[in-house]
Amino acid sequence: MRIAADVSITKTRRMVLAAIAVMGFGLLQGARFIDVNSGPYSAHSLALFGLFVDGATLLTIAVLSYFGKIDDNRKLYCAGAISCAFYLALSLLNLGDAAIHQAFAGLTWSLNVLCWMEIFTNYKPRFALIMIALAYAVNVAVKPLLGALGLPVEGALTAFMAISIVLLGICIRYDKAIAHDTLANEQAFSDTSCHETTTLSEAFSRARRAVACAFAFSFVCGFVIEADLLATNMEYAQSNETALICLVAAILMVCALLVFSIRKANIDYMCPIAAAWIATALFTRSTGLLEASVSGSIMTATLISFYVLLWLMLVSEAHERKLPAFFLLGLALGVARLSVMAGRACADWAIGGNLIVQSAVSAVSLWALAIAVSTIFFAYLRYSSKRLRGGFDETAPDEDRQQSSHMETVEPNKVTSDVALASEEIAPIASDADPWNEAFDMLVQRYGLSDREAQIVREFAAGRSARYLAEWYMLSEHTVKTHLRRAYTKIGVHSRQELIDAIEEMHAESFKNAKEKV
């Protein structure tokens, strides 16, 4: 499984590998969708145990990645392939205990999904996002296609999983070469030889809202799905109707990514949209506007689509910050799996113990969704206020702040120890004051700053953090810091305070010139 360092990736080969990745990941998820014996929506009596193994595996790998114990997907691939072989053997031959069967199911899905996410991080986000959306379309097209062709689900499940494992091995064979080629192209376009990274603690602070959203929506949907299974044995979560709704969502997602050239999904938009759709499904269900199976399909399709949007967001985050997808995706998806399990277990406990009646399921779910979304909203307000004040995570250790806020200048032996590009807090300057603007314009003209450098430096001097500017201008933090570094070099300063001093000197000089003219 080793790869030679001199493997060349031509444009044609790159496109072929991208198509293989789309098909391989789509077939894996398609197999997950049609597998009624395991997964988040399975009616199997031990499905919750399989979900627990799935979520626990994802979180374990995320923790190991956080501490630097896992930095390569080859070991995970081997473990996932072995687990898949055992799972298929147990399924085809009807061997082994049901709990062992569920355990191998959880291991198989979690390990292989993480390996595929690592593959997608090797591509530029604007390509990776489209690839994942196309794989989503392949995933949900499997169920209606099998029904139209009259093919057996059991045989298709085995074939799809086996093909996906083979295609994943092919992609892993070339993943380092693709990553190297992508990095080389990015450096060529950015005209810089360095590539900044973000500390894992900072990445965790950015992923917390995604984790909270995943927990809230997964718990509510799991609660409703289990309630329907207990009351009417309604298995709409893996029905053709759900697959067709998801297919429409996948097509719209692909079109949006192609038309608007989106490079990064934003959890701040994903959360309210998902909440609105889930609330709509629950409302139509409780009022009888739609049958419970239809509203359930809408709700399940919304949750599945939300998971795909999580993949889009976290893959672009991992690529931008040069972090393994194991950490970011393992954290969010692990929490999502465990929260589905918790929602289903809670429904089983509440309804089985006659604590609530079936008619109150929608009302309870709506209240749970309202509480969860309100909590996320207030957490976002707190996050926004921090970002506007200085843009750093106050819970991060001091050494992490210092490590992520210092950077080198172009001069080979000089370190700007006072530069806090991502975490420094100062009182914002009144950037709308005319004297300040005149002084800054003088600075730009004297030192020959480019338009983009002037734009970034102006906001940075006014108190904005590098992270805030990256999100505001739809740039990576690496690009923002590169513009700042070049501007610092031209001006001859090494920190934000020295930059402010330089602007004040321009102001004093402007005032002096105006006084002499008088």
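The values are calculated or read from the model by the stated rules, or taken from the named source; none is laboratory data. These numbers come from a predicted model, not from an experiment. Virtual Cβ from ideal backbone geometry, glycine too; neighbours counted across all protein chains shown.
Kindly provide the set of residues from the range 158-175 that are within 16 Å of residue 113 (Cβ to Cβ) and surrounded by 18 or more Cβ atoms within 10 Å (Cβ to Cβ), ordered by number. Hits for the range 158-175 are 160, 161, 164, 165, 167, 168, 171, 172, 175. Here residue 170 qualifies as in a helix (DSSP H, G or I) and at pLDDT 90 or above. Scanning the range 6-22 for residues that are surrounded by fewer than 18 Cβ atoms within 10 Å (Cβ to Cβ) and assigned to a helix (DSSP H, G or I) yields 11, 12, 13, 14, 15, 16, 19, 20. Checked against the criteria, residue 51 counts as modelled with pLDDT of 90 or more, of a type in the set (A, V, I, L, M, F, W, C), part of a helix (DSSP H, G or I) and within 28 Å of residue 224 (Cα to Cα). Among residues of the range 86-97 that are under 14 Å from residue 157 (Cβ atoms), those with a Cβ under 8 angstrom from a residue that is surrounded by fewer than 12 Cβ atoms within 10 Å (Cβ to Cβ), sequence gap 6+ or separate chain, pair up as 89/95.
Identify the residue in the range 440-490 that is aromatic (Phe, Trp, Tyr) and more than 24 Å from residue 265 (Cα to Cα) and, among all such residues, is surrounded by the fewest Cβ atoms within 10 Å (Cβ to Cβ). Working first, answer last.
As a first pass, look at the range 440-490 and keep what is aromatic (Phe, Trp, Tyr): 440, 447, 460, 468, 472-473, 488.
Subsequent filtering for residues that are more than 24 Å from residue 265 (Cα to Cα) retains 440, 447, 460, 488.
Details: 440: 22, 447: 18, 460: 21, 488: 24.
In this case the residue turns out to be 447.
When the residues of the range 208-246 are filtered to those that are among the aromatic types (Phe, Trp, Tyr) and under 17 Å from residue 279 (Cα atoms), which remaining residue is surrounded by the fewest Cβ atoms within 10 Å (Cβ to Cβ)? Looking at the filtered set, the residue picked out is 215.
The combined condition, being outside the structural domain of residue 478 (by TED's automatic domain parsing) and not in a helix (DSSP H, G or I), is not fulfilled by residue 250. Residues in the range 56-84 that are within 14 Å of residue 165 (Cβ to Cβ) and either touching a helix residue (DSSP H, G or I) at 6+ places or on another chain (Cβ under 8 Å) or not assigned by TED's automatic domain parsing to the domain that holds residue 174 (or both): 73, 74, 76, 77, 79, 80, 81, 83, 84. Taking the criterion of being of a type in the set (A, V, I, L, M, F, W, C) and either loosely packed, with under 14 Cβ neighbours inside 10 Å or at pLDDT 90 or above (or both), the only residue of the range 62-75 that qualifies is 67.
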